[in-house]
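Inspection log for the structure reproduced underneath, given as structure tokens.
The values are calculated or read from the model by the stated rules, or taken from the named source; none is laboratory data. Because the structure is a prediction, the values reported are computed rather than measured. In this analysis, Cβ positions are derived from the backbone assuming ideal geometry, glycine residues included, and neighbour counts consider all displayed protein chains.
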Amino acid sequence: MEYKKYGNILGIRLRPEEKIVESLSKIFHEQKIEGGCIVSAVASLNEIILRNVKNFEQFPITDANRSFKKICGPLELLSLYGNISTTDKRIIVHLHASVSDGSSRMLGGHLIEATVLSTAEIFVAVTKRIERKLDAQTGALELSFV
């Protein structure tokens, strides 16, 4: 992996077999980045693991209410959106992705992990610290702009 900061923009290139979420988490910890958002991302992928809500009855939403899908490639990353935030000194990388397969079918959801096929080129806008706090209604760590 390679990365370089250009003002408040962090340019990142991941190489074959590197994992996107794992690599971003490592970079954000190394650089002490506690807030930001994905500005742009393009990649080819070997595989991806996505999570989606499959049913909802009440909060909190747990893994029993979710579906997990591993999709093997080759795949094209069509979009990667998300943010970097912090809670109790733990950096949280929250990402959603959409991909297409060799038949141009598109799938998407919450990104659990993705493995790079040839390259991933990602740009992140770095901000000041963004915090997550436990939300009484959802029972989850949600962004807090206090």
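Tell me, please, whether a residue that is part of a strand (DSSP E or B), under 22 Å from G11 (Cα atoms), over 14 Å from the mean Cα position of the chain (by Cα) and modelled with pLDDT of 95 or more can be found in the range 108-118.
Within the range 108-118 (the criterion being part of a strand (DSSP E or B), under 22 Å from G11 (Cα atoms), over 14 Å from the mean Cα position of the chain (by Cα) and modelled with pLDDT of 95 or more), the answer is yes, since at least one residue qualifies.
Results for (1) surrounded by fewer than 16 Cβ atoms within 10 Å (Cβ to Cβ); (2) in contact (Cβ under 8 Å) with a residue 24 or more places away in the chain; (3) closer than 22 Å to F145 by Cα; (4) of a type outside the set (A, V, I, L, M), shown as yes or no for each residue.
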| residue | (1), (2), (3), (4) |
| --- | --- |
| E17 | yes, yes, no, yes |
| L24 | no, yes, no, no |
| I27 | no, yes, no, no |
| K32 | yes, no, yes, yes |
| V39 | yes, yes, yes, no |
| E57 | yes, no, no, yes |
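Given the conditions (1) at pLDDT below 95; (2) under 17 Å from A140 (Cβ atoms), and given that K89 satisfies all but one, which numbered condition is not satisfied?
(2)
For (1) of a type in the set (A, V, I, L, M); (2) within 27 Å of K5 (Cβ to Cβ); (3) outside any loop (DSSP other than H, G, I, E, B); (4) at pLDDT below 95, each residue gets a yes or a no:
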position: E34; (1), (2), (3), (4): no, yes, no, no
position: I49; (1), (2), (3), (4): yes, no, yes, no
position: Q58; (1), (2), (3), (4): no, no, no, yes
position: L80; (1), (2), (3), (4): yes, yes, yes, no
position: G102; (1), (2), (3), (4): no, no, no, yes
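For T115, work out the one condition from (1) of a type in the set (S, T, N, Q); (2) out of contact with any Leu (no Cβ under 8 Å at 6 or more places or on another chain); (3) surrounded by 17 or more Cβ atoms within 10 Å (Cβ to Cβ) it doesn't fulfil.
Status for T115: all satisfied but (2).
β-branched (V, I, T), touching a residue at least 24 places away in the same chain (Cβ under 8 Å), in contact with a strand residue (DSSP E or B) (Cβ under 7 Å, 6 or more places away or on another chain) and under 19 Å from E142 (Cβ atoms) - does that describe any residue in the range 60-79?
Scanning the range 60-79, I find at least one residue that is β-branched (V, I, T), touching a residue at least 24 places away in the same chain (Cβ under 8 Å), in contact with a strand residue (DSSP E or B) (Cβ under 7 Å, 6 or more places away or on another chain) and under 19 Å from E142 (Cβ atoms), so the answer is yes.
Which count do you get for residues in the range 82-100 that are assigned to a strand (DSSP E or B) and free of Cβ contacts under 8 Å to residues at least 24 places away in the same chain?
Residues that pass the stated criteria total 4.
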